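Colleague: Can you keep this structure in mind? I'll have questions shortly.
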Amino acid sequence: MHTNPYVPIPVEVAKIITEVTTKDIKTFRFAFINKEDEENFNYLPGQFAELSIFGKGESPIGIASSPTQKGYLEFTVQRAGTVTSELHSMEEGTLMGVRGPLGNTWPIEYLKGKNIVVVGGGFAFTTLRSLINYMIHDDNRSQFGNITVVYGAREPGLLIYKDELALWEKRTDLALNVTVDKGDADWKGREGFVPAVCKDVAPSSENAVAVICGPPIMIRFTLPVFFDLGFSKDNIYTSLEMRMKCGIGKCGRCNVGHKYVCKDGPVFSLAELDKLTKEY
Amino acid sequence: MEKKVIKKDALAGIVKKLAGQMPVYAPVQDQDNVLFKILEQGMEPMLDFGNTRNAPKNCFFPQAETMLKYFRTERGRELAGVVEGAPEAVLFGVRPCDARSFILLDYVFDDPKYKDTYYMERRRKTAIVTLACVHPPSTTCFCTSVGGHPMSSEGADIVLADLGDRYLAESLTDKGAAILKKFGDLANADDAALAKKKELSEKSEKEIKSIIPGNDIKPWLDANFDNPFWDTIHKSCLACGTCTYLCPTCHCFDITDEVKRDGGRRIRSWDSCMSWLFTQETSGHNPRTSQKERWRQRLLHKFRYFVDNYHAIACVGCGRCVQYCPVNIDIRKIVTDISKL
């Protein structure tokens, strides 16, 4: 193992799942080439890694698998720039690199013993999926109270992790609320925007923490719903994104005030964000 | 540690000889500029100069460097090797402000959690020989306002002071003592030499006339992220990045991949917060939309955020950004103006 933090860990693309009908969001499963790297890759939900493709560059992406899923890492990636476009053109069996785990985690210790409300919109559901799978794992489920999930996408074809959503739907220890802005002929589920669904589901703020990720417009309209429900800013967490290069707080571009999103984040409570400059 | 004296006319020869044994970075004349460069065979360092045009940070953190190499295979692209390792070296003739910059850069690159391998290897293996400023080199020098001193030994392994007829050489670390031995047989410093240095030090400090309230503006900066004052400082800025490239404490960098037929290399190069591209995201969103936000970032990074994180201002008062800004933006004036708000 390299002590040099800039050297990527070699991985193989083990599995590719096209998540959406527009085909621009895929989940990549990576298998470690070296057993030692696998053993040393200790992470928790909320962390990210730099997906590293020599000749193209690196892209910081949240880890979508849960540490309870052994032997591999998963990342759900939208095709957007140079690195992610190259990734989308890859086939199973291709070798590339992963640099991480990087950043802080969802506040797992703080979440223990509390009721958890997970709110996700669009494909910003990746590290939330990691968190849900972590919490509902047999080894961990008893450590958390009620788990309520609100997850929305624009249309049914844009919902990610559909197979997993179907499994979660069947569970009695997790209240899943999936919604789409507008359904199609086959859609039998909820219709409506995430903030409206949150208002409708109305999770109690009693001993509860909300973990919210989504597009800025969704966040903006969802937060007032949670304030009305009595959630304090200490009990609402989100994850920030910024342009990054090094991922370890040195290259200087992802700061919000004196915090680096890569090293001090990406997870912040609203109370913490209130203390930072409004520059993100 | 040891205190020696060196005859005035012997120093250049000593450094030239040292450069035959190990890499020595030193100030040399390059056309109109004095630059830090590796002394080549037979070259002597410049001893009579104000300050170098470039900060010596490039010795540990080069403007561009290869981080690793890769090659193409049938299964993708694989790591060919990591470019690590540095020889023992000497960085000679560093002004006290620039020597101090390494202490500030260490906060970033020698972070307890993530050590920057490339910077740290060179840093550990290089002895820094400071050439104290018995006269402040420029009217733009303001080291005393940001925690420095023209005769300071902070950050140095050896500090040299020009006493007029001879140099006083003091080693401050084991690394410095080892290099001072290589200087050859030197006479021990007498009390007169030490007294002379003290006298020069007091005189030199008084010669620095450029004083700014560097430590006083933090409370205002903490409270005024959205103040209209920020609309007034950036208007003439060309976003050329000269200030950030010449700054001894600016450490922001980019990582890019170079592609050749069978492989290539990953390169780190200096970047600048003065460029819009610095924070431009793939989605099109940019948290710093205009030069106003970029200038505010530069100033807040140095005088607020770095202080929050490391309890030090990320400015050593070398004055390069003031001297070489093509549109005469003067950070001293900005800080002074803020102190009056």
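Colleague: I'd like the full set of residues that are over 17 Å from the mean Cα position of the chain (by Cα) and of a type in the set (A, V, I, L, M), limited to region B:90-134.
Modeller: B:Val134
Colleague: Of the conditions (1) more than 11 Å from chain A (Cβ to nearest Cβ); (2) within 29 Å of A:Gly57 (Cβ to Cβ), B:Glu281 fails just one. Which one is it?
Modeller: Condition (1) is where B:Glu281 drops out.
Colleague: Considering only region B:100-118, state which residues are away from chain A (no Cβ under 14 Å) and either β-branched (Val, Ile, Thr) or over 12 Å from B:Phe60 (Cβ atoms) (or both). Break it down into steps so the answer makes sense when it comes.
Modeller: Start the filter on region B:100-118 by keeping residues that are away from chain A (no Cβ under 14 Å), which leaves B:100-103.
Selection gives B:Arg100, B:Ile103.
Colleague: Output the residues belonging to region A:20-40 that are more than 14 Å from every other protein chain (Cβ to nearest Cβ), open to solvent by 20 Å² or more (accessible area, probe 1.4 Å) and closer than 23 Å to B:Glu281 by Cβ.
Modeller: Listed by number, the residues that qualify are A:Thr22, A:Lys23, A:Lys26.
Colleague: Here's a check for you: in region A:129-155, which residue that is open to solvent by 20 Å² or more (accessible area, probe 1.4 Å) and under 24 Å from A:Asp181 (Cβ atoms) is farthest from the chain's Cα centre (by Cα)?
Modeller: A:Glu155
Colleague: Can you tell me which of A:Thr222, A:Thr238, A:Thr277 is away from chain B (no Cβ under 14 Å), open to solvent by less than 40 Å² (accessible area, probe 1.4 Å) and over 17 Å from A:Gln47 (Cα atoms)? Steps first, answer last, please.
Modeller: Working: A:Thr238 fails: over 17 Å from A:Gln47 (Cα atoms); A:Thr277 fails: away from chain B (no Cβ under 14 Å).
Exactly one of A:Thr222, A:Thr238, A:Thr277 is away from chain B (no Cβ under 14 Å), open to solvent by less than 40 Å² (accessible area, probe 1.4 Å) and over 17 Å from A:Gln47 (Cα atoms), namely A:Thr222.
Colleague: Return a yes/no flag: does region B:228-237 have any residue that is touching a strand residue (DSSP E or B) at 6+ places or on another chain (Cβ under 8 Å), more than 8 Å from every other protein chain (Cβ to nearest Cβ) and at negative phi. If you could, list the steps in order and put the result at the bottom.
Modeller: If we filter region B:228-237 for residues that are touching a strand residue (DSSP E or B) at 6+ places or on another chain (Cβ under 8 Å), which is where we start, we get none.
No, region B:228-237 contains no residue that is touching a strand residue (DSSP E or B) at 6+ places or on another chain (Cβ under 8 Å), more than 8 Å from every other protein chain (Cβ to nearest Cβ) and at negative phi.
Colleague: Please give the strands (runs of 3 or more DSSP E) falling wholly within region B:1-114 in which 2 or more residues are touching a residue at least 60 places away in the same chain (Cβ under 8 Å) and closer than 30 Å to A:Ala14 by Cβ.
Modeller: Values: elements: B:3-7, B:24-30, B:33-38, B:64-73, B:76-82, B:89-94.
Hits in region B:1-114: B:64-73, B:76-82.
Residues are listed down the side, and each one gets a yes or a no for (1) open to solvent by 40 Å² or more (accessible area, probe 1.4 Å); (2) in a loop (DSSP other than H, G, I, E, B); (3) at pLDDT 95 or above; (4) over 23 Å from A:Arg141 (Cβ atoms):
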residue	(1), (2), (3), (4)
A:Pro67	no, yes, yes, no
A:Lys70	yes, yes, no, no
A:Val77	no, no, yes, yes
A:Glu92	yes, yes, yes, yes
A:Val98	no, no, yes, yes
A:Gly113	yes, yes, yes, no
A:Val118	no, no, yes, no
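Colleague: Can you tell me how many residues in region B:290-320 are within 10 Å of another protein chain (Cβ to nearest Cβ) and closer than 24 Å to B:Arg53 by Cα?
Modeller: Narrowing region B:290-320 to residues within 10 Å of another protein chain (Cβ to nearest Cβ): B:293, B:296-297, B:300-301, B:304-310.
Those left that are additionally closer than 24 Å to B:Arg53 by Cα: B:301.
The total comes to 1.
Colleague: In region A:79-90, which residues are assigned to a helix (DSSP H, G or I) and charged (D, E, K, R)? Break it down into steps so the answer makes sense when it comes.
Modeller: Step one: list which residues in region A:79-90 are assigned to a helix (DSSP H, G or I), which gives A:82-88.
Once the filter is applied, which keeps residues that are assigned to a helix (DSSP H, G or I) and charged (D, E, K, R), region A:79-90 yields only A:Glu86.
Colleague: Out of the residues in region B:328-341 that are outside any helix (DSSP H, G or I) and closer than 23 Å to B:Gly50 by Cβ, state the one that is least open to solvent (accessible area, probe 1.4 Å).
Modeller: Residues of region B:328-341 outside any helix (DSSP H, G or I): B:328-330, B:340-341.
Imposing the further condition that a residue be closer than 23 Å to B:Gly50 by Cβ reduces the set to B:328-330.
Numbers: B:Asn328: 125, B:Ile329: 20, B:Asp330: 36 Å².
Residue satisfying both the conditions and the ranking: B:Ile329.
Colleague: Tell me, which residue of region B:238-259 that is over 21 Å from the mean Cα position of the chain (by Cα) and within 9 Å of chain A (Cβ to nearest Cβ) is most open to solvent (accessible area, probe 1.4 Å)?
Modeller: Out of the qualifying residues, it is B:Val259.
Colleague: Of all residues in region A:1-19, how many are more than 22 Å from the chain's Cα centre (by Cα) and away from chain B (no Cβ under 14 Å)?
Modeller: Just the residues of region A:1-19 that are more than 22 Å from the chain's Cα centre (by Cα), to begin with: A:1-7, A:10.
So of that shortlist, the ones also away from chain B (no Cβ under 14 Å) come out as none.
Residues in region A:1-19 being more than 22 Å from the chain's Cα centre (by Cα) and away from chain B (no Cβ under 14 Å): 0 in total.
Colleague: Something else now. A:Gly81 is checked against (1) under 20 Å from the mean Cα position of the chain (by Cα); (2) under 25 Å from A:Leu131 (Cα atoms); (3) surrounded by fewer than 22 Cβ atoms within 10 Å (Cβ to Cβ); (4) not hydroxyl-bearing (Ser, Thr, Tyr) and fails just one. What number does that condition carry?
Modeller: (2)
Colleague: While we're on this one: Evaluate region B:48-70: report whether one residue or more is open to solvent by 40 Å² or more (accessible area, probe 1.4 Å) and farther than 30 Å from B:Cys243 by Cα.
Modeller: There is at least one residue in region B:48-70 that is open to solvent by 40 Å² or more (accessible area, probe 1.4 Å) and farther than 30 Å from B:Cys243 by Cα.
Colleague: Here's another thing I want to ask about it. Would you confirm whether any residue within region A:41-58 is aromatic (Phe, Trp, Tyr), part of a strand (DSSP E or B) and surrounded by fewer than 20 Cβ atoms within 10 Å (Cβ to Cβ)?
Modeller: Filtering region A:41-58 for residues aromatic (Phe, Trp, Tyr) gives A:41, A:43, A:48, A:54.
So of that shortlist, the ones also part of a strand (DSSP E or B) come out as A:48.
After this cut, where a residue has to be surrounded by fewer than 20 Cβ atoms within 10 Å (Cβ to Cβ) as well, the list is none.
No: region A:41-58 contains no residue that is aromatic (Phe, Trp, Tyr), part of a strand (DSSP E or B) and surrounded by fewer than 20 Cβ atoms within 10 Å (Cβ to Cβ).
Colleague: Condition test on A:Lys259, is it within 22 Å of the chain's Cα centre (by Cα), open to solvent by 50 Å² or more (accessible area, probe 1.4 Å), within 14 Å of chain B (Cβ to nearest Cβ) and closer than 24 Å to A:Gly103 by Cβ? Before you say what the answer is, go through the steps one by one.
Modeller: Numbers: within 22 Å of the chain's Cα centre (by Cα): yes; open to solvent by 50 Å² or more (accessible area, probe 1.4 Å): yes; within 14 Å of chain B (Cβ to nearest Cβ): yes; closer than 24 Å to A:Gly103 by Cβ: yes.
Considered against the rule, which asks whether it is within 22 Å of the chain's Cα centre (by Cα), open to solvent by 50 Å² or more (accessible area, probe 1.4 Å), within 14 Å of chain B (Cβ to nearest Cβ) and closer than 24 Å to A:Gly103 by Cβ, A:Lys259 comes out as yes.
Colleague: Then there's this: Would you call A:Thr68 of a type outside the set (D, E, K, R) and in contact with a His (Cβ under 7 Å, 6 or more places away or on another chain)?
Modeller: On the way: of a type outside the set (D, E, K, R): yes; in contact with a His (Cβ under 7 Å, 6 or more places away or on another chain): yes.
Yes.
Colleague: Another question about this same structure. Please verify whether B:Asp190 is more than 14 Å from chain A (Cβ to nearest Cβ), in contact with a strand residue (DSSP E or B) (Cβ under 8 Å, 6 or more places away or on another chain) and closer than 29 Å to B:Lys7 by Cβ, treating the condition exactly as stated. Working first, answer last.
Modeller: Values: more than 14 Å from chain A (Cβ to nearest Cβ): yes; in contact with a strand residue (DSSP E or B) (Cβ under 8 Å, 6 or more places away or on another chain): yes; closer than 29 Å to B:Lys7 by Cβ: yes.
For B:Asp190, the condition - more than 14 Å from chain A (Cβ to nearest Cβ), in contact with a strand residue (DSSP E or B) (Cβ under 8 Å, 6 or more places away or on another chain) and closer than 29 Å to B:Lys7 by Cβ - is met.
Colleague: If you don't mind, another one. Given the condition over 22 Å from B:Ser138 (Cα atoms), of a type in the set (D, E, K, R) and either touching a Phe, Trp or Tyr at 6+ places or on another chain (Cβ under 9 Å) or open to solvent by less than 50 Å² (accessible area, probe 1.4 Å) (or both), answer yes or no: does some residue in region B:170-178 qualify?
Modeller: yes
The values are calculated or read from the model by the stated rules, or taken from the named source; none is laboratory data. No experiment lies behind these values; they were computed from the predicted model shown. Glycine gets a Cβ as well: all are built from the backbone with ideal geometry, and neighbour counts include every protein chain shown. Ligands, DNA and RNA are stripped out before the accessible areas are found, and what is left, the full protein with its side chains, is counted by its heavy atoms. Shrake-Rupley method; radii C 1.70, N 1.55, O 1.52, S 1.80 Å.
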